[in-house]
Amino acid sequence: MLLVRSHHLLLHRHHHTARLSPRFHRLLLRHPPPLPRAASAASRLRPPRMSSASSSNASSPAPSPPPPVVPKSKIRFCPSCGSPTKLAIPDGDEKMRAVCSSCGRVHYENPKMVVGCLVEHDNKVLLCRRKIEPAYGLWTLPAGYLEVGESAAEGASRETLEEACADVEILSPFAQLDIPLIGQSYIIFRARLKTPNFSPGPESLECALFTLDDIPFDSLAFSSIIVTLRMYLEDVKSGNIKFHYCTINKRIGTGASDLRSFDIDNHLAV
Ligand SMILES: [Zn+2]
């Protein structure tokens with residue numbers, strides 16, 4: 001029963017992601033959405049495969065290929081029932097997942113959304129110096145994790161209020177930056193101050209407006225902020241502020257603290 005339920009969840013997931021990825025679309029074609037009978041037929045035809053890394057299933061003589069190298073799941077306990085999870089490749093999947101040892105639910109880890117504001121005022125931009133790790137003491141745009149229940153624009157405004165005590169009006173989306181290696185996707189909005197007031201919130205040492213020539217590129221906190229501000233600078237200088245999408249790929253073998261060790265791929269600007 002548990003395997004059938006996992007299988008059903010998986011098919012549902014493929015169906016859900018098919019719009020985003022041609023690869024998943026192909027998977028979907030191989031695994032059409034389950035009619036109740038089709039799902040049970042598939043279960044009968046295919047031997048159940050829950051190849052746990054810690055499985056002690058000695059009845060399988062055929063050597064199985066090594067599991068793909070993926071980051072270990074951080075989900076150690078089932079969010080549904082609280083039981084410990086185990087790492088396993090669910091039937092029909094190709095990656096290690098956290099699978100509940102009790103209720104059988106598969107728990108996927110997905111990227112997190114970070115939202116923030118590029119606040120413009122008198123041809124300057126508002127930056128905050130971080131009072132928290134990581135990157136304590138370095139400058140950043142006001143930004144943080146999007147909360148459930150709010151839109152990206154609402155989250156960006158909230159973060160700006162929290163980190164810079166600045167009440168802003170969102171003007172337009174400016175950049176979406178994906179960082180696949182660490183599972184983050186940034187959306188940065190252009191915004192303006194509703195009143196010319198700001199001050200450091202509890203997570204900031206100080207907040208300040210910088211002219212574009214004075215942006216402290218050597219003291220910025222994150223690659224995403226470096227990329228955003230570089231793009232903004234180029235746009236302002238060319239007199240044409242665009243919307244940007246790109247992927248930030250950290251170079252393999254460099255430390256997390258080496259902010260300049262990244263490549264920008266798939267840059268699109270409209
Ligand atoms: Zn569970």
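The values are calculated or read from the model by the stated rules, or taken from the named source; none is laboratory data. Only a predicted model underlies this, so the values are computations on that prediction, with no experimental measurement involved. Glycine also receives a Cβ, built like all others from the backbone with ideal geometry; neighbour counts cover every protein chain displayed.
Where strands (runs of 3 or more DSSP E) sit wholly within segment 191-270, those with at least 3 residues that are assigned by TED's automatic domain parsing to the domain that holds Leu161 and within 21 Å of Arg130 (Cβ to Cβ) occupy 204-211.
Taking each residue of segment 73-97 that is in contact (Cβ under 8 Å) with a residue 40 or more places away in the chain and within 16 Å of the ligand (Cβ to nearest atom) and looking for partners that are hydroxyl-bearing (Ser, Thr, Tyr) and not in a strand (DSSP E or B) with beta-carbon atoms closer than 8 Å, six or more apart or interchain, yields Pro90/Ser6.
Annotation note: of Ile170, Ile187, Ile182, the sole residue that is of a type in the set (A, V, I, L, M) and more than 30 Å from Lys74 (Cβ to Cβ) is Ile170. A single entry from Pro65, Pro142, Pro134 fulfils the requirement of being in the same structural domain as Leu193 (by TED's automatic domain parsing) and at pLDDT below 95: Pro134.
Quick check on segment 98-118: of everything there that is surrounded by 20 or more Cβ atoms within 10 Å (Cβ to Cβ) and within 16 Å of the chain's Cα centre (by Cα), which residue is farthest from the ligand (Cβ to nearest atom)? Among those residues, the one meeting the criterion is Gly116. Tallying residues that are of a type in the set (D, E, K, R) and exposed (fewer than 14 other Cβ atoms within 10 Å of the Cβ) within segment 231-250 yields 1.
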